[in-house]
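Each remark here refers to the structure printed beneath this line.
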Amino acid sequence: MFKICSMPESMPWKIVERALLSEPATIGHFRLMGFPDCAIRPMHPVPRIAGPAVTLALPAADSSLLHHAVGKLRPGDVVVIDRLGDRHHACLGGGVAYALARAGVAGVIIDGPIADPGELRDVGLAVWARGVASITTRLQGIGGLMNVPVSCGGAVVNPGDLVIADEGGVVFIPRDEAAVDIERAIQLQEMEKRGLPLINDNKTLGELTGASAMVMTRLNQ
């Protein structure tokens, strides 16, 4: 069975522009939800990307819906693929990667493996996945879901959620929480830049962060 829901709204450029300044690892300092399994990693050197999630759920060895979905994608979209537990078949290889790059997507996040890593790198498509597999999906017409809530590496992803991904990881943020989290992350990054030069022989990291005082208080209780 196939189910295709409406495309989510595009992400305002101002949000994307600010999101590109914020690191998923910084957001991980204060946010607990929205981070997929760390086994989902970049398949080659990637830039930081940000954009709205377009979600797909592809069953077993069938990637018919992914081929169809390419024609609906917009520049800047981030394709998030739930493989419904399949860790054996690669749904993305060189040909599909070429088509996705031509569509102008910002990147692809897959809860499963990819094929043809060299070709993905050559076409310049930013991809995060669980690894590489030689056996691929087929056009079987079994079914699939598009633009419904999915699970990616244990994280819930809704269509239109903000995706931020770089070499340090991936985070999915609900659209209505994105602006606040982005600005908080940028502020923390700026504070860190100002704080690092303060670490010296006379001032340890633990003294600057307050961790040493916390440990000593516990030890003295």
Among helices (runs of 4 or more DSSP H) entirely within segment 1-117, at least 1 residues that are over 17 Å from the mean Cα position of the chain (by Cα), polar (S, T, N, Q) and buried (at least 17 other Cβ atoms within 10 Å of the Cβ) occur in 64-69
Just one of the numbered conditions (1) within 23 Å of Cys38 (Cβ to Cβ); (2) touching a residue at least 24 places away in the same chain (Cβ under 8 Å) is not true of Leu100; which one?
(1)
Select from segment 66-85 the residues that are basic (Lys, Arg) and farther than 15 Å from Ile40 by Cα and list them in ascending order.
Lys72, Arg74
Please report, ordered by residue number, the helices (runs of 4 or more DSSP H) entirely within segment 137-221 with at least 2 residues that are aliphatic (A, V, I, L, M) and either touching an Asp or Glu at 6+ places or on another chain (Cβ under 8 Å) or under 21 Å from Glu17 (Cα atoms) (or both).
175-195
Name, by its number, the condition in (1) touching a residue at least 60 places away in the same chain (Cβ under 8 Å); (2) in contact with an Asp or Glu (Cβ under 8 Å, 6 or more places away or on another chain); (3) among the β-branched types (Val, Ile, Thr) that does not hold for Ile110.
(2)
Looking for whichever is under 16 Å from Asp82 (Cα atoms), of a type outside the set (Val, Ile, Thr) and out of contact with any helix residue (DSSP H, G or I) (no Cβ under 7 Å at 6 or more places or on another chain) here; the options are Gly210, Gly143, Gly118, Gly160. Which one fits?
Gly143
Among the residues of segment 162-221 satisfying the criterion of being among the polar types (S, T, N, Q) and modelled with pLDDT of 85 or more, which is nearest to the chain's Cα centre (by Cα)?
Gln189
For segment 146-169, which positions are crowded, with 16+ Cβ neighbours inside 10 Å, out of contact with any Cys (no Cβ under 8 Å at 6 or more places or on another chain) and aliphatic (A, V, I, L, M)?
Val150, Ala155, Val157, Leu162, Val163, Ile164, Ala165
State which residue pairs qualify: first residue without any contact (Cβ under 8 Å) to a residue 40 or more places away in the chain and inside segment 169-198, second residue in a helix (DSSP H, G or I) in any location, beta carbons under 7 Å apart, and separation of 6 or more residues or different chains.
Gly195/Leu208; Leu198/Leu208
Tell me, please, whether a residue that is aromatic (Phe, Trp, Tyr) and more than 30 Å from Gly118 (Cα to Cα) can be found in segment 12-20.
yes
Filter pass, Ala97 being out of contact with any helix residue (DSSP H, G or I) (no Cβ under 8 Å at 6 or more places or on another chain) and closer than 25 Å to Met11 by Cα:
no
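The values are calculated or read from the model by the stated rules, or taken from the named source; none is laboratory data. Note that the coordinates shown come from a computational prediction; the quantities given were computed from them, not determined experimentally. Using ideal geometry, Cβ is built from the backbone for each residue, glycine included, and neighbour counts are taken over all protein chains shown.
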